[in-house]
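The values are calculated or read from the model by the stated rules, or taken from the named source; none is laboratory data. Because the structure is a prediction, the values reported are computed rather than measured. Note that we place each Cβ from the backbone using ideal geometry, even for glycine, and neighbour counts take in every protein chain shown. Protein only, heavy atoms only, side chains kept; ligands, DNA and RNA dropped before computing areas. Shrake-Rupley method; radii C 1.70, N 1.55, O 1.52, S 1.80 Å.
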Amino acid sequence: MSFDLLGARRRALRVARRIPDGAPHVDVEVRRRGDVKQFCQELLADWPEMKITLQLLDSSFQPLRIDDSTTLRRGSLLVWYLWPGEAFEIGAFHHPGGAFQGYYINLIRPPRLESQPWIIDDLYLDVWVPAGGRGVLFDEEELRAAVERGALSDREADGVLELGGRLLEATQRSRWLPSGVRHWPVESVPALRLRRDTPGIFHAARISGRIIAYGLYVMGVVSATSIGFAAFTDAFMIAGAAQQTWKLVILGEALLLAPLALGGLLPATRWPQPTLTDERSLFVATLASGLAVLALNTRAEWSGALLPVYGTLGLFSLIFAVCRWSFDREVPVFALAGVAMTLLALVLLL
């Protein structure tokens, strides 16, 4: 699982457990050994290439032991990943307390997802990959018993065994997970809901968050680099080779961090935080800064500090305005008001 930067994963897990009223859901019918079970799961992503659902085991769920150290209980959180046309699904299991328990790979017939309920024909064989452990193959005896009683043909059973073996072998590699599972783990659930319900805010918040994160990363590496140069060179005492080297190193670090941060490859840059980034909050910040501009615009010493702050707020307001209109087809009143206030403030400052 991904790095828990400043408790972001724990916060995301708490939010994930609070399924919104009226959230889109899907009924899933799982068939195994003539036994049919039905589940209602929140539909997080309904893309042509992949489906992601969230299942919160309610008070009616009876504890289910998976291995000697792992038991599913009421309150457990399960994120399921399905691919149309693929003969397996992957579940990421989490303890009621939030700890990651492992990945459960269920071998199935290609699912029927055209209408509800989704039909999942379970083909008995499973691969379990516990957190920090090696993958194991489950229920081979049940697969053989299904062949003996005629529930599966020899040919289909052989195909299931071959696929199970390949999946088990794949789990021995360090990066065996499909990219969709790696990219959208449980801590991305709040962002998936934001993308599902208001894609314009999702994209605007993601772009703005990455720009902010890039600035913070650059400030961090510049500070660390400067401390190193100050301790071991005379770069800040006299102009010379050391000072030029310091400037080149900082420039190189900024150029290196740009594609990593803006591409969402660094911690805190992959998913926006819905509770922290929205156009109303941005408008409030712009309004507060606008009042500061009106109060201090006659004092020249404040202009240098306020210009970059207000320029940044204006950029973020513009990003929200464009994304809200492009993806949600809604008039972004707060974002447009923020852009207008920014332009007015810049005129006063300049």
Kindly indicate the residue of segment 135-173 that is free of Cβ contacts under 8 Å to residues at least 24 places away in the same chain and within 14 Å of Y103 (Cβ to Cβ) and also surrounded by the most Cβ atoms within 10 Å (Cβ to Cβ) among those meeting that condition. F138
So, in segment 284-339, exactly how many residues are at pLDDT 70 or above and in a helix (DSSP H, G or I)? 35
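Every residue, every condition in (1) in a strand (DSSP E or B); (2) open to solvent by less than 10 Å² (accessible area, probe 1.4 Å); (3) touching a residue at least 12 places away in the same chain (Cβ under 8 Å), yes or no:
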{"position": "R31", "(1), (2), (3)": "yes, no, yes"}
{"position": "Q41", "(1), (2), (3)": "yes, no, yes"}
{"position": "R74", "(1), (2), (3)": "no, no, yes"}
{"position": "G85", "(1), (2), (3)": "no, no, yes"}
{"position": "I90", "(1), (2), (3)": "yes, yes, yes"}
Would you be able to say whether some residue in segment 116-134 is assigned to a strand (DSSP E or B), touching a helix residue (DSSP H, G or I) at 6+ places or on another chain (Cβ under 8 Å), under 28 Å from A191 (Cα atoms) and in contact (Cβ under 8 Å) with a residue 24 or more places away in the chain? no
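So if I check each of G263, G215, which one is open to solvent by less than 40 Å² (accessible area, probe 1.4 Å) and of a type in the set (G, A, S)?
Step by step, each of G263, G215 is checked, and only G215 is open to solvent by less than 40 Å² (accessible area, probe 1.4 Å) and of a type in the set (G, A, S).
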Restricting to segment 65-88, give me the number of residues that are among the hydroxyl-bearing types (S, T, Y) and in contact with a helix residue (DSSP H, G or I) (Cβ under 9 Å, 6 or more places away or on another chain). 1
Taking segment 218-260 and keeping residues over 35 Å from the mean Cα position of the chain (by Cα), open to solvent by 70 Å² or more (accessible area, probe 1.4 Å) and among the β-branched types (V, I, T) leaves I238
Can you find a residue that is modelled with pLDDT of 85 or more, touching a Ser or Thr at 6+ places or on another chain (Cβ under 6 Å) and surrounded by 14 or more Cβ atoms within 10 Å (Cβ to Cβ) anywhere in segment 50-70? yes
Taking P110 as the residue in question, decide whether it is outside any strand (DSSP E or B) and either closer than 22 Å to L192 by Cα or open to solvent by less than 40 Å² (accessible area, probe 1.4 Å) (or both). no
